[in-house]
Amino acid sequence: MSWIVEPRDPRTQSEGVVAGYAHTARRWPSQPLVARPHGAGELSGPAQLERRLPPSPADLAGRGANRALGQLIHLRARVVDEDGAPVPGALVEIWHCNSAGRYLHPNDSSDSPPDPNFRGNARLVAGDSGLVELRTIKPAAYAVPDTDGWWRPPHIHFSVWGRVWLSRLVTQMFFPGDPLNESDAILNAVRDPEARARCIARFVPTVPGPENALVYEYQLVVRGRKAAPRMP
Ligand SMILES: [Fe+2]
């Protein structure tokens, strides 16, 4: 493990406020950040985080009569540091919309139909290899409310908590081959094409079987030069 984290290239991170997407202006600092020394308040962390924020079942799709609509997928996300070393114990919260493009959230004002069998979000703890696995359905693209019909590509939101208060990353994962990836304002707020490519999951062919979910793997880098961009 290296003790010096190399500074990031700003082109690998989001520009933050996205023109034409009003919500981003409320989610990003309007003033430049101020560097401050790291004391106990920053370098300590919440005790017994798993007890305060208990993990949930790693299944948003359900089964049988309670199965959510949509393509069944199996997501394997590995939380790693700048050296590719696993970050066991990271608390990973995951949420995405249903197969019609609607979130399980009261603020979703779209007219896309809800799915009573879709759970909508999960909270998982990374294992010794940094891995979290989730059985779910592939989210749909959706038109962003309060815009002139801007469609977002299918994507999955992540929030990662580490061991100290400063260790928090909120980002998004995208699906390979989707044509909307090319024009998405949030993804393209990251100017470096290699950094954008790192935001896209890898499709893994599987052997047909009774639970033949589409498998996607994703490397969630939480710090360093290849850290995942912060995305609202
Ligand atoms: Fe979203």
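The values are calculated or read from the model by the stated rules, or taken from the named source; none is laboratory data. This is a predicted model, so every value here is computed, not measured. Backbone-built Cβ (ideal geometry, glycine too); neighbour counts: all protein chains shown. Heads up: the accessible areas ignore ligands, DNA and RNA and are worked out on the full protein's heavy atoms, side chains in. Shrake-Rupley method; radii C 1.70, N 1.55, O 1.52, S 1.80 Å.
Just a few scattered comments:
- Filter pass, ALA47 being out of contact with any helix residue (DSSP H, G or I) (no Cβ under 9 Å at 6 or more places or on another chain), over 25 Å from GLU211 (Cβ atoms), of a type in the set (A, V, I, L, M, F, W, C) and open to solvent by 70 Å² or more (accessible area, probe 1.4 Å): no
- Residues satisfying the stated conditions in the range 149-165, i.e. within 13 Å of the ligand (Cβ to nearest atom) and either within 21 Å of ASP111 (Cα to Cα) or out of contact with any Ser or Thr (no Cβ under 7 Å at 6 or more places or on another chain) (or both): TRP150, TRP151, ARG152, PRO153, PRO154, HIS155, ILE156, HIS157, SER159
- Residue satisfying condition, being away from the ligand (no atom under 14 Å from the Cβ) and in a strand (DSSP E or B), within set ARG135, ARG119: ARG135
- Residue among ASP83, ASP146, ASP111 that is more than 30 Å from ALA47 (Cβ to Cβ), away from the ligand (no atom under 16 Å from the Cβ) and at pLDDT below 95: ASP111
- Among the residues listed as ARG51, ARG78, the single one being touching a strand residue (DSSP E or B) at 6+ places or on another chain (Cβ under 8 Å) and either over 30 Å from PRO113 (Cα atoms) or part of a loop (DSSP other than H, G, I, E, B) (or both): ARG78
- Meets criteria (at pLDDT 95 or above and within 14 Å of the ligand (Cβ to nearest atom)) for GLY101: yes
- Of all residues in the range 78-109, those being of a type in the set (Gly, Ala, Ser) and closer than 20 Å to PHE175 by Cβ number 3.
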